[in-house]
Each structure stands twice: as structure tokens, then as C-alpha cells.
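Written below as C-alpha cells is the structure these notes are about.
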Amino acid sequence: MESMIGVIGGSGLYEIAGLEGASWVKAKTPWGAPSDQVLVGRLDGVPMAFLPRHGRGHRLSPTDVPYRANIDALKRLGCTDVISVSACGSLREDYAPGDFVIVDQFIDRTFAREKSFFGTGCVAHVSLAHPTCPRLGAACAQAALGVRVHQGGTYLAMEGPQFSTLAESRLYRAWGADVIGMTNMPEAKLAREAELCYASVAMVTDFDCWHEDHGAVDVAEVIATLTANSGHAKDMIARLPALLGADRAPCPNGCDRALEHAIMTAPSARDPDFLAKLDVVAGRLL
């Protein structure tokens, strides 16, 4: 099948330059409208879709991002691989502002968001033991030149929009979390349910408030680092088509078959109206 790269841009990344035949497309989903229109075009001959997670102009708070609509919209447009780019704080001395972290694990501390496409009418339980795609993450690491990259890390997803208290920051460090952010959950969970390969590139903007030389997060400093990071992120994205190629084989890690044994509800007990909402997300099986 043909590859199509989907990019979800976080704070500081609201557009992608250089797309051939680019146009903003209004996507409709059964889960409501996504964060914004989706920029669709081709980069080095490979189809690409870009969605600003917070909307252009950064209108949406982390809690209010329509995560289900965003993932559905990208799959509906034909995306096979989704790269999440997001700002984060560091919980480690050696993960410094300006560094990129290829996240491979999550701790979900969010509580005010819809976290699944499935529910009453069609129940499913996907495995999240390994929530990101190693193949896609390795490609992102290879494409991120001119910046220090950490291959692997645990992302603590907090609800926000406030930053952590000092006690919370210390607790998350004790848990073994490496970076902290507000947007990768439930995004990664939903991508897995939609059988999409998903990679998370967390761009460190600051040390969280645990750091003795950084008693509080300074938003002005965060914005300055975020601006520099967004330039490196755009360069990374520009190199991905050459690495991923136009032709796509089945995912060697099984991301595109995540629902194979996940759906629990018997066919006779499934709600037809609910199934209609899953036409794209789980249409391969339903």
C-alpha cells in the first residue's frame, strides 16, 4: 500500500512549508470536528497530512483538544504513519532544553478526556505494552539532525493546563518518568486503536520545577526554546519521506493489526449505530 505520513504539530508547530499541491482540507468525523483543517499535499512524492493539534493560533487547551476527531480525520484521509511533535518539560538532568526525545513509554495522569473510540455497543481492549512504533521512531531519530536526540524515554502526561507543583515534579521523577507534557495521552492510545503506526517526538523546552536552578517554569524562556525547536522539527519532517518511502509494507511491529484480537463484543450484540462511527477506525475488522 502507499505510505501517507500524518504529522500532528504541537506548541510552536502550526504549519509545514514545502508541500507540493498543498491545500487545507475540512475533515468531518463521527467524533466531531478536528482541531483545525488538515493541510494535505506531497513532500518528495510522498503524501503528507499536517494537523495543528491546538489549532492555528493555539486556540485549544490540552484538555479541549478533540483527540478522537484528530486521529479519525488523519486515518480517514489515508494516513498510515502518524508522527506526534510536542513540547515537553524535562525530568532528568541529562535531557536538556533543546533536546529531542523519541518517546517509547507513557504514564497517563490525565482525567478529563475521552480516551477510547470503543464503549458500550462495541467493547475492545488493545495492548499498550509498547505504545509507539519502533520503526517510525527510529526514522524520526535518523531524520533529526543538528539536535541532540535521546532514543527512548517515558512521557508523563498530565492534565494541565497548569504546570506541576514541586511535589508532583519530584513524584514523577521518583516514578522514573523522563519528560512531562499534556497532549500525548490519549492521543497515543487512540492511534493504537485506529491501527496507525505512531511515534512521539518530544521537544524539551525547559527543566520542570524540580530542578534547583529552575524553581518555576518561565514561559518566556519556554517560548524562546520552543521557537528554536520548531525549526529543527520542520527539518526533521522534511527528511522523513526519503526515509519512509512511498511504498509501505505491513508494520513489522503489528501496529496496523492492533485490533486483531481486541474486540470483545459478540457480533450479534454490537450496536449498528455505534459501529457506523467506527467505519474508518475499525473498518478493517467490522
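Every read-out reported here was derived from the displayed coordinates using simple, explicitly stated rules and does not represent laboratory data. No experiment lies behind these values; they were computed from the predicted model shown. So basically every Cβ, Gly included, is an ideal-geometry build from the backbone, and we count neighbours across all protein chains shown.
Quick notes on this one:
- Sequentially through segment 33-50, phi angles give Karplus couplings (6.51, -1.76, 1.60; θ = phi - 60°) of 7, x, 4, 6, 5, 10, 7, 10, x, 10, 10, 6, x, 9, x, 9, 10, 10 Hz, Gly and Pro residues having no value and appearing as x.
- Segment 38-169 - charge dipole about Cα centre, Lys and Arg +1 at Cβ, Asp and Glu -1, debye rounded to 20: 440
- 5 angstrom amide H check on Asp99, placed H, neighbours 5+ away: Val204
- Across the options Pro34, Gly181, Gly12, the greatest Cα extent toward the positive end of the charge dipole of the chain (unit charges at beta carbon of Lys, Arg, Asp, Glu) belongs to Pro34.
- For Tyr198, the amide hydrogen comes within under 5 Å of the amide hydrogens of Val82, Cys133, counting only partners 5 or more places away or on other chains and with H modelled in the peptide plane.
- Whole-Hz couplings from phi, Karplus 6.51/-1.76/1.60, listed for segment 224-230; x for Gly and Pro: 5, 5, 4, 5, 5, 4, 4
- Isolated Cys residues of the chain, judged by Cβ distance under 4.7 Å to other cysteines: Cys79, Cys88, Cys122, Cys140, Cys209
- Charge-dipole axis of segment 5-277 as Lys and Arg at +1 and Asp and Glu at -1 on Cβ define it, positive-most pick from Ser84, Ser230, Ala141: Ser84
- Centroid-to-centroid separation of segment 1-40 and segment 134-186 [C-alpha atoms, Å]: 23
- Loop-located chymotrypsin sites (Phe, Trp or Tyr not before Pro) across segment 166-251 with a Cβ neighbour count of 14 or fewer within 10 Å are Trp175, with loop assigned by DSSP.
- Remark on Val25: its backbone amide H falls under 5 Å from those of Val38, Leu39, Val40, a criterion applied only to residues 5 or more positions apart or on other chains, H modelled at 1.01 Å from N.
- Listed residues Phe117, Leu74, Thr132: farthest to the positive end of the dipole of segment 14-137 (Cβ charges): Phe117
- Computed E for Ala249/Leu171 - FRET, C-beta separation, R0 25 angstrom, nearest 0.05: 0.05
- About its Cα centre, the dipole of segment 1-47 is roughly 200 debye, where the only charges are +1 on Lys and Arg Cβ and -1 on Asp and Glu Cβ.
- Cα centroid of segment 195-215 to Cα centroid of segment 271-286, whole Å: 35
- In order along segment 83-91, phi translates into HN-Hα couplings of 10, 8, 10, 8, 7, 8, x, 9, 10 Hz, rounded to whole numbers, per the Karplus curve 6.51 cos²θ - 1.76 cosθ + 1.60 with θ = phi - 60° and x for Gly and Pro.
- Assuming charge only on the beta carbon of Lys and Arg (+1) and of Asp and Glu (-1), the dipole of the chain about its Cα centre is about 760 debye to the nearest 20.
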